[in-house]
1. Based only on other Cβ atoms within 10 Å, what is the fewest-to-most ordering of Arg86, Arg190?
2. What is the total of Lys pairs in the chain with C-alpha atoms under 14 Å apart, excluding same-chain pairs fewer than 8 positions apart?
3. Would you please name the GluC sites (Glu not before Pro) within the range 88-186 that are DSSP coil residues with at most 14 other C-beta atoms within 10 Å of their C-beta?
4. What value, in deg cm²/dmol to 500, does the helix sum -39500 (n - 2.57) over DSSP H runs of n ≥ 4 give at 222 nm once divided by the residues of the chain?
5. Just to confirm a number: summing +1 for Lys and Arg and -1 for Asp and Glu over residues other than Val238 whose beta-carbon lies under 15 angstrom from that of Val238, what do you get?
6. Would you mind pulling out the separation of the Cα centroids of the range 11-26 and the range 158-217, in Å?
7. Could you check the spin-label model distance between Lys286 and Glu224? Points 7 Å from the Cα along Cα→Cβ, value in nm.
8. GNM, the chain, Cα, under 10 Å: largest mean-square fluctuation among Ile109, Ile219, Ile17?
Amino acid sequence: MAPIITVVGSFAVGLTIRTPQLPIFGQTLIGSDFDMGPGGKGSNQAVATARLGANSSFVGLIGEDKLGEIAVDLYRSEGVDTTYLRTTSEMATGAGLIILNSKGENFIILDMGANNLIDAPFVDGAEAQIAASKIVMAVLEIPIPAAQRAMELGKKHGVTTILNPAPAAPLPETLLKMVDYLTPNESELRILLGLPPDDPTPTPILAARLRAMGVKTVIVTMGELGALILNDEGETHVPTVAVEVVDTTGAGDAFNSAFAVALADGKSLVEAVRYGCCGGATACTKLGVIPALGRREQIDTMYAANYA
């Protein structure tokens with residue numbers, strides 16, 4: 001039977017356009033390759049875990065509008081359980097504007113809309129689902145108290161907890177102590193500690209500081225450099241798979257999802273991080289997020305070719 005993975009998180013519609021370079025203030029650029037489609041880190045991870053064979057459930061909130069209908073259609077087509085997807089008339093569905101340059105680098109502007117109404121009592125409504133799960137995941141595109149409650153309920157019921165702290169913000173130790181696996185990238189790692197995103201302190205030192213605040217295992221994703229694992233057993237570097245990068249937008253979501261599915265399937269921590277790297281690398285090879293999220297056979301093949 002497929003493992004149950006519950007994602008407590010965000011849905012937003014992404015509007016993407018490619019430009020020769022990222023704009024500066026007051027500049028108008030001619031772009032290309034416009035695309036509008038479903039996004040939001042929580043939603044992306046729910047879809048990605050479903051594609052990789054998990055019994056995926058999404059706990060989230062959308063507006064009663066046309067953009068919200070995109071979410072409903074997506075989950076129906078991808079086989080994501082929407083028992084705990086709610087709608088609201090108070091705020092619009094979340095939306096994001098994504099600009100890509102010729103190198104595949106991006107910047108994103110978000111209006112999280114209805115996601116901002118997700119609170120701890122909202123998450124409590126999905127406690128039975130979380131209790132039945134192998135893994136519960138959360139992101140920070142929803143209010144921190146909601147993400148914390150997801151982690152608390154996971155710990156309460158003996159469920160493995162994964163927090164992808166994006167977009168990053170300093171977090172209370174009460175939350176960090178509930179996290180089995182924290183998965184920041186290098187800039188998010190620094191922001192979590194109240195530092196500038198380009199602080200020069202070596203990444204292993206900063207990851208150790210987070211562990212001292214209560215996180216069981218810190219996994220820092222480092223793009224083409226792979227990932228760094230820091231836990232009670234020490235420090236382990238996992239190289240990634242080299243691919244031709246087209247668009248990095250969904251790479252973090254793809255990494256987290258593949259990592260979670262591998263853990264739920266019983267792989268060791270290092271094996272699961274390697275599998276996550278395959279998921280992240282695959283997501284960089286196509287334009288857009290949902291089209292780039294890999295399927296089980298694809299990720300299995302990449303894993304076998306590079307790590308077996």
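1. Arg86, Arg190
2. Number of lysine pairs found: 8.
3. Glu90, Glu105
4. It comes out at -10000 deg cm²/dmol, rounded to the nearest 500.
5. It works out to a net charge of -3.
6. 28 Å
7. Rounded to a tenth, the inter-label distance reads 2.3 nm.
8. Ile109
Values in this text are rule-based calculations from the coordinates and carry no lab data. From a predicted model like this one, the values you see are computed outputs, not experimental measurements. In this analysis, Cβ positions are derived from the backbone assuming ideal geometry, glycine residues included, and neighbour counts consider all displayed protein chains.
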